[in-house]
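Below is one structure, written out as C-alpha cells; the observations come after it.
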Amino acid sequence: MVRVELFFSPVCPYCHSARKLVSEVAGRYPHVEFVEVDTYTEEGIERGMSMRVSAVPTVAVDDEIKLVGWPFEEKDLVRLIESRL
Amino acid sequence: MSEDTYDAVIVGGGPAGLTAAIYTARHNLKTLVLEGRKIGGNALEAHWVDNYPGFPDGISGRDLMEKMIKQALRFGAEIRNETVVGLSDFGDLKMINTRMGFYQAKSVVVATGVSRKMLSVPGENEYKGRGVSYCGVCDGPFFRDKTVAVVGGGHEAVHDVEMLSETAAKVYAIPGRKGYSENFPELNRIREDPKVEFITGADVKVIGGSDFVEYVTLDGADRDRLSLDGVFIILEHVPTAGILGEAGVSTDAGGCIIVDGDMETNIKGVFAAGDCTCESMQIVTAAGMGAKAALSAMKHVKSLG
C-alpha cells in the first residue's frame, strides 16, 4: 500500500485545488491510501513538524515530502504514485 | 440564447465578487461566480479583521468570507470552482472561457483581485516551501517556537508580525528601506512585544541555508546577517487581470483595470471591482465596489431588454 498524505490548511487559498487534484488522482489507485492532514489542528501540525513540512499544500508519499506549493501537475503526482506501485 | 447564458458572470470569488453576486442574485439576475482558487479569495488569509463594519469584536477573514458565500448562495447565485482563461466581447453578449468550458453573459464583473509580489533575491525560489513562505496564516503554525522574519511594509505584513509573534520564539520585522507605508495602529502594540525586533532602513539581500532556510543577509542594517528558520515575504500585491487581453479591457501601466465612476471598463457591459482596480486593499472597500459594479451591471442588463 502506498500512503499519500496531503498537508493542507483551510485558510490557504490554493489548498482547495490541491485537495481536489490529489484526491481525484489517488482515488484511481486501489493500492493507495490517501490521507488529508489538516494543519489547523494540533495533531496535523505535530505530524507536519515531525516531517519538517513548512508550507501548505505539501504532498508526502510514504513519509517523504515530494511536492510543495501549488500548482503542481497531475502527471507529477501520477509518476510519484506509479513509481511506488 | 443558450441555457448557459447568465445575466451576470462574476470572475473572482473574493469580497468584491461575492458582494456583486449578492446584489445581482438578490435582484433575480441569473448569476454565476467563477473562482479558480479557493472561494473567498485572499481575504481568507486575513488572520483577524478588526475594521469590517458590523463586527464590533472583529472576525477572522475565513469566517467573514464564509458568511459572504452563504449569503450569495441564499439569493441563488451559482458558485463554481473554475479557472477563467479568457474573456471575449461580442457586443451584447460576452463569452467567458474556463478550463472546463465556456459561458455567455450579458454582463461581466471582473473581480480577480491581486497576487503577491516576489522579493526577487537569491535564495527566494530555492527555499520556497523550505522556510520561505508567502502566507503567514497558512504556514505560520509550522514555525512554532522558531525564529522568523516578516519582510514587507504593508498592513498585511504588520498583521503577520503580530500573528506570528503569538507562536514563534522571535520575529524580525523587516519593512524594507521605505519603511511601513502607514503608521498602522497595530505597530504600537507590536513595539511593546519583546519577541519582535524591528530591522529598519535595510533590505534583505540573500536568503540562505542548507536543506532549509538558516539565515538572511541584509543591506543597510547594523548587522549583515540574521540567523533564522523562516522568512515570510508579505509584499504589496499586483493585479491579476491577465485574462482580459482578448476583450481589450484597458489597464494602466501597473496592470490595474481602469474603470469609470460606474465601475465600467472601456468595454460596455464589462465592469471591474475590488483590488484588481488598485483602488484600495481593504475588504470593506472591495465589497463596496462590488456592490456598485453590480448595480451598474443590473442597469446594463435592463437596458438590453
Total Lys pairs in segment B:46-185 closer than 17 Å by alpha-carbon, pairs eight or more apart in sequence or interchain only? 4
Given the rule -39500 (n - 2.57) for each run of at least 4 DSSP H residues, summed and divided by the residues of the protein assembly as shown, what is its mean residue ellipticity at 222 nm, to the nearest 500 deg cm²/dmol? -7500 deg cm²/dmol
Leaving ligands, DNA and RNA out of it, rank B:4, A:76 by accessible area with a 1.4 Å probe, largest first. B:4, A:76
Averaged over peptide B:200-208, how many Cβ atoms belonging to another chain are found within 10 Å of each residue's Cβ? 0
Where does the longest stretch of chain B lie that holds no trypsin sites (Lys or Arg not before Pro) found in a DSSP loop with 15 or fewer other Cβ atoms within 10 Å? B:1-98
Compute the angle between helix B:283-304 and the longest alpha-carbon principal axis of chain B, please, reported from 0 to 90 degrees and rounded to the nearest 10. 20
Which ³J(HN,Hα) values in Hz, rounded to whole numbers, follow from the phi angles of segment B:77-83 under the Karplus curve 6.51 cos²θ - 1.76 cosθ + 1.60, where θ = phi - 60° and Gly and Pro get x? 5, 8, 10, 10, 8, 9, 8
Once all protein chains are kept in place, residue A:9 shows an accessible area at probe 1.4 Å, nearest 10 Å², of 0
Accessible surface of chain B, 1.4 Å probe, proportion on carbon and sulfur as whole %: 49
With DNA, RNA and ligands ignored, accessible area of residue B:34 (1.4 Å probe; Å², nearest 10): 0
Antiparallel bridges, percent of DSSP beta bridges restricted to segment B:160-265 (to nearest 5): 70
What is the Cα centroid distance between segment B:277-305 and segment B:1-62, reported in whole angstrom? 11
Give the separation of the Cα centroids, segment A:37-61 to segment B:254-268, in Å. 42
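Starting from segment A:32-85, pick out the GluC sites (Glu not before Pro) whose DSSP state is loop and whose Cβ has at most 16 other Cβ atoms within 10 Å.
Passing sites in segment A:32-85 are A:73.
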Roughly what angle does helix B:15-26 make with the longest principal axis of chain B, taking Cα atoms, 0 to 90 degrees, to the nearest 10? 20
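Write out the trypsin sites (Lys or Arg not before Pro) in chain A meeting two conditions: DSSP loop, and at most 10 other Cβ atoms within 10 Å of their Cβ.
Numbers: sites: A:3, A:19, A:20, A:28, A:47, A:52, A:66, A:75, A:79, A:84; in loops: A:28, A:52, A:84.
The qualifying sites are A:28.
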Test item: B:28-41 mean partner chain Cβ contacts at 10 Å: 2
Angle between chain B longest axis and helix B:61-74 axis [Cα atoms, degrees, rounded to 10]: 10
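The values are calculated or read from the model by the stated rules, or taken from the named source; none is laboratory data. These numbers come from a predicted model, not from an experiment. As a convention, Cβ positions derive from the backbone with ideal geometry for all residues, glycine included, and neighbour counts pool all protein chains shown. Remember, those area values only see protein heavy atoms, side chains included, never the ligands or the DNA or RNA. Shrake-Rupley method; radii C 1.70, N 1.55, O 1.52, S 1.80 Å.
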